[in-house]
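Since the structure comes first, as structure tokens, the remarks are kept for the end.
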Amino acid sequence: MTGIFSGGFAVAVDKEALQLKQVPLLSSLDGKQLKLLAFTCDVFDYADQDYLFHQGEASDCVYVILKGVVEIIGSDPDGQAVLLATSPANSLIGEMAVLSGAGRTASVKARGAVTALNIPNQRFLELVTGNPPVALHVLQTLSAKLAETSRHAADLQTRLDRLADE
Amino acid sequence: MMEKSIYKYILSHTRKDQIWLVLMTVASMPLVYYSLEIPKLIINKAIGGGNITFGILGYELTQIQYLLMLSCAFLAMVIINGGMKYIINVYRGVLGERMLRRFRYTLYTRILRFPLPHFKNLSASEVIPMVTAETEPLGGFIGDSVALPVMQGGLLITYLSFIFVQDFWLGLASIALYPPQIYLIPRLQHKVNQLSKQRVQNVRKLADRIGESVTGIADIHANDTGHFEQADISKRLGGIFVIRNEIYRRKFFIKFLNNFLAQLTPFFFYSIGGYLVLKNELSLGALVAVLAAYKDISPPWKELLKFYQITEDVKVKYAQIIEQFDPPGVTADAPPKDGEETQPDGERRLSGNIRANRLSYVEEAATRVDEFNFEIDSERHSVILSKDGTAADELTQLLARLLSPSSGSLSVGADDLHALPEAVTGQRIGYCSAASRLFNASIGDNLYYGLKHQPQAQADAADADTTDDARRAFIKESLASGNSTQDIAADWVDIRLSGAGDPAEFRQIVLDIIECVELDDELLTLALRTTEDIDIPEQLAEQIVTLRDQLIEQINQIEAGAIIEPLDPEQYIHNLTVEENLLFGTPRGRMPVADFLAANPLVKQILDTTGLRRELGDIGLELAGLMVELFSDVPDDSELFDQFSFIKAAELPDYQRLVAAAGADGAAAMTPQQQAKLSAVSFKLCPARHRLDLITPTIQEKVLSARKMLMEELGRDNDQIRFFDRNQYNHGMSVQENLLFGRIAYAKGHLQPRVTETIRDTLKSTGLNQEIVLAGLNCPAGAGGSKLAPNAQQKLTLARTLLKNPDILIINNALSGLDSKSFSRILDRIIALRGGRNLTWALNDAALLPRFDQALIVEKNKLLHNDSPEALSKVLENL
């Protein structure tokens, strides 16, 4: 009996596992690990404009967008909502807050129907600490983000200086 | 006071019974004698005698008839003798148990009377075995205490007299060794007594240390002191071993000595007796008779020695128990005896101001409260402010009459507070501190605890006609052992004490107090979620059923699409597991669904006739294969196993073999046991949750028809399953499940908080929330209230105190766990609730002073300020 490989009944889990493979951070995990991850996580269907989470909330999980697009929304100094970015399918959402242990830095809501896999904090941290390639990837991503932020800061500083000179 | 010696205690309570026992024992002795005599007659006369006839009571009997008559007489003797023994043994047992019951009850009652400070040095783990285990041997002893020495002593004297009659010197020889035994054994026994005293003390300490380890288990782990604690226990066990070892050696030495001396006497008989016979100063017959008699005196003498040892042991144990139950200052004011009137005389209330005059309290040579003079207004609100918390504890406990002043006086109006009976102070003074405890009962029982002074429906205890036999027997037996005869099952809650005139008013008062301390949310959540049976009243159940449609409508407004999948009997429910779909109800008796299905023969039959077992077996096989693949590398103790695996870690290898051995025919080729094992795996499958498309429409159809067969076979109203029914409340489900009558779709799990919110709003708008809060009172509070959050525990103890509606309300730093905002809100509400009545609150936050009318400011053991409202502002400036 080789059902799980040939029978095709476990399609959902297999399919989800294949999709998780597309997520850069998780791409180094083997098929079995991804399958276990898919099997042990909840998948939620969000309606258009539904919030996955709000800015400032405590973070309890990381999301993988399986289907649809989400909007990442911050707030400007006046407290007005500002669209910061959008994230397509196969992106990982909310990992920064989980790693830093702080609250959510932005709100995320569904643009159109969205399906997302929900990886609880503890599971995600186990993945990072238990798999060096994943940890390395996290470091690389964060370094890249830091570099970009620094460049951004330098850019702003230049502009400020120029304004001061005028 | 308790009797100092166990014999005094026994005789003061069982004198009559002991006399009865002795009489019965003595009366049974002739029977014993005859049951020995008749066999002799049978052998010597009926069998061994010549062929003659016997005249009995004027009848002529042949030898055969005589033999039969004697044999029947023997049988009768055996029966009567056995019956007599049975009666005496039962009587002895009952007597012992009754005394044990009395003794334990007395000890417990003593605990209730210990002065409070004594509990600081008292460990529960030490006291519990004293009342339970250490008293145990006393029960067995009490039945024997008088009858056994009387009987064995009587036998001994009888046999000795016989020997003395035969020959004075041989008689003397047979008791020659009694004096050394009587001299030596008590001395040896004395040491054993001391050792067993030590042993008892060491075992108590051991119990105390084990108790400490249990309560402090988190600290042991947190500090990694397991080895340290183990070493300590090892040392203590070692100490007990050494003592026991010593006791054994000494005990067996005493036994050895006894045996030796017992054998030494025959030595004298053989040597001296033999010498006398040879010298023709004694007949051989007499020597043989004396030897036979000596064989008879040995057992009673041994019994007496054994009895002496047991008596000594029990005496030590008794003395060691009661000395622990006689601390100085046991409150004179004993808890009420049965039937004693404890209602405050009519409607006795405490009125008038509380006055302290040079009030002092000293504990362990430290002055905790040093000559306080103050007056607290009975109609206003006072605060006791102490920054370091010292003195406030003692002061509030003195005010609540939990402690007695060492000197000075404390009075309420015209009454000396400490001269009032507990029945008045306990009912009219409310005291709540952060250390107040909850009991392992329902939340409601805890809330009403302050109203349970006497059973309210006591008529049944007095009126014999209305009580059933069991209750009457209980009362009779309780009286015989001096226990309480009050019925714990009666209704003890005196709603009048809360100020309510009728149950409707009481209900409102309870709700108001629950809201006052903000316990309503907690209770609502508990009541909605718990799957334990919380006795939802019929009317509320109907209202919940009626609300179902409206609620679903509200929930569907959250978002378009199916958030809740309703429990439709005609549909396969994708958000339920296979077993839940099959059963489509809840097993009565709160049995887990899987256990019910596995044990029910009807289910087995249905699974076989529909062919479901085989098909589910195939699904189970595939699932097992998936589980083996996914979980074989997961550590056994991982939470993932518990939460997600269909198969327990320990069973995984079993299934691995099953999967490996499966052929092309799958489950069909397997044994019924293997099929059952595999289908049990498939039972746990929930298509919506696990996202495995294994349950094909064909299987769904089959599950539906199996569901129908089960329903038809059992009928709607049966004693096994409560089927899901849109029009009926299901007592096997939680209130929330009953309200929704469906499952929140797994894919919509993120909407759970909003669904909960909608449920609450709907309940509030229909007013049903109050009923459900009240139903929440039926939830268990757990040991020490452990099922409630710490904050909720403190709120509940405060609510309990408020519900008593006391004349004097003392709150000692209760609610210490609350955040300052909630605390402030609750404080304001209680101040409003107690308008025009006394409220005395010990705090350590000076910012709250302005809310009170009067302030006592305490530092260390001194009263610094005692100020009126006018002076309060000045004090505040100085702070």
In nanometres, what is the gap between the two model label sites at B:A594 and B:E97, each 7 Å from Cα along Cα-to-Cβ? 4.1 nm
Once R0 is set to 56 Å, what does the formula 1/(1 + (r/R0)^6) return for the Cβ-Cβ distance between B:S407 and B:D719, expressed as a FRET efficiency to the nearest 0.05? 0.25
Taking R0 as 30 Å, what FRET efficiency do you get between A:S150 and A:Y51 from their Cβ-Cβ distance, rounded to the nearest 0.05? 0.45
Would you work out if the stretch A:80-159 is rounded, prolate or oblate? Take a ≥ b ≥ c from the square roots of the eigenvalues of the alpha-carbon gyration tensor; rounded if a/c is under 1.5, else prolate when a/b is larger than b/c, oblate otherwise. oblate
Chain B shape via C-alpha gyration tensor axes, a/c threshold 1.5: oblate
Taking the Cα centre of the protein assembly as shown as the origin, how large is its charge dipole in debye, to the nearest 20, when only Lys and Arg (+1) and Asp and Glu (-1) carry charge on their Cβ atoms? 4760 debye
Give me the distance in nm between label points sitting 7 Å out from Cα along the Cα-to-Cβ direction at B:N373 and B:T546, one decimal. 6.7 nm
Estimated dipole of the stretch B:501-659 in Debye, rounded to 20 [Cβ of Lys and Arg +1, of Asp and Glu -1, Cα centre]: 860 debye
Simple spin-label estimate for B:N727 and B:A562 in nanometres, 7 Å along Cα-Cβ: 2.4 nm
Find me the longest stretch of chain B that has none of the exposed GluC sites (Glu not before Pro), where exposed means in a DSSP loop (not H, G, I, E or B) with at most 16 other Cβ atoms within 10 Å. B:571-879
Starting from the Cα gyration tensor of the stretch A:69-112, take the square roots of the eigenvalues, sort them a ≥ b ≥ c, and report rounded, prolate or oblate (rounded when a/c is under 1.5, otherwise prolate if a/b is larger than b/c, else oblate). oblate
Only helices counted: for the protein assembly as shown, with every DSSP H run of 4 or more residues adding -39500 (n - 2.57) and the sum spread over all residues, [θ] at 222 nm is -18000 deg cm²/dmol
Cα-Cα pairs above 42 Å in the protein assembly as shown: how many percent? 64 percent
Cα-Cα longer than 29 Å, checked against B:K16/B:K306; B:K16/B:K191; B:K16/B:K251; B:K279/B:K306; B:K205/B:K804; B:K205/B:K862, kept in input order, equals B:K16/B:K191; B:K16/B:K251; B:K279/B:K306; B:K205/B:K804; B:K205/B:K862
For the stretch B:157-171, 3J(HN,Hα) per residue [Karplus equation, 6.51 cos²θ - 1.76 cosθ + 1.60, θ = phi - 60°, Hz, x = Gly/Pro]: 5, 4, 5, 4, 4, 4, 5, 4, 5, 5, 7, 4, 5, 5, x
Once the Cβ-Cβ distance between B:R472 and B:E60 is put in as r, and R0 is 60 Å, what FRET efficiency do you end up with, to the nearest 0.05? 0.60
What lysines could a cross-link reach from A:K145, if we take a straight Cα to Cα line under 23 Å and drop same-chain neighbours fewer than 8 places away? A:K21, A:K109
Determine the distance separating the Cα centre of the stretch B:264-278 from the Cα centre of the stretch B:794-848; give it in Å without decimals. 90 Å
Using the Karplus curve 6.51 cos²θ - 1.76 cosθ + 1.60 with θ = phi - 60°, what ³J(HN,Hα) values do you get for each residue of the stretch B:522-532, in whole Hz, with x for Gly and Pro? 4, 5, 5, 4, 4, 5, 5, 8, 5, 9, 6
Amide proton proximity set for B:S433, modelled H, under 5 Å, gap of 5+: B:N812
Find the centroid of the Cα atoms in the stretch B:575-597 and in the stretch B:109-148, then give the distance between the two in whole Å. 48 Å
For the stretch B:825-833, what does the Karplus curve 6.51 cos²θ - 1.76 cosθ + 1.60, with θ = phi - 60°, yield as ³J(HN,Hα) per residue in whole Hz, taken in order and with x for Gly and Pro? 4, 5, 4, 4, 5, 5, 4, 5, 4
Dipole magnitude of the stretch B:746-879 about its Cα centre, charges +1 at Lys/Arg Cβ and -1 at Asp/Glu Cβ only, in debye to the nearest 20? 480 debye
How far, in degrees from 0 to 90, does helix B:790-803 lean away from the longest principal axis of the Cα atoms of chain B, to the nearest 10? 80 degrees
Near A:K15, which lysines are there with a Cα under 23 Å away, not counting those fewer than 8 places off in the same chain? A:K32, A:K35, A:K67, B:K684, B:K748
Pulled fully out, how much extra length does the chain show between B:K306 and B:V78, if you take 0.36 nm times their separation in residues and subtract their Cα-Cα distance? 79.3 nm
Take the cross-link list B:K120/B:K235; B:K452/B:K860; B:K8/B:K295; B:K604/B:K787; B:K452/B:K787; B:K45/B:K255 and give me the ones stretching past 30 Å between alpha-carbons. B:K452/B:K860; B:K8/B:K295; B:K604/B:K787; B:K45/B:K255
Nearest-ten-degree value, helix B:226-268 long axis tilted from longest Cα axis of chain B: 20 degrees
Other-chain or far-sequence residues with amide H under 5 Å of B:E371's (modelled H): B:S360, B:Y361
Most exposed to least, judged by fewest other Cβ atoms within 10 Å, B:F253, B:F631, B:F506 sort to B:F253, B:F506, B:F631
Would you list B:M670, B:M591, B:M99 from fewest to most Cβ contacts within 10 Å? B:M591, B:M670, B:M99
Which longest run of chain B has no exposed loop site in it, a site being trypsin sites (Lys or Arg not before Pro) in a DSSP loop with at most 16 other beta carbons within 10 Å, and the site itself not part of the run? B:5-278
Placed amide H near A:D42: partners under 5 Å, 5+ positions off or other chain: A:N118
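Bear in mind that the values in this text are calculations on the coordinates, not laboratory data. Bear in mind the structure is a predicted one, so any value in this text is a computation, not a measurement. In this analysis, Cβ positions are derived from the backbone assuming ideal geometry, glycine residues included, and neighbour counts consider all displayed protein chains.
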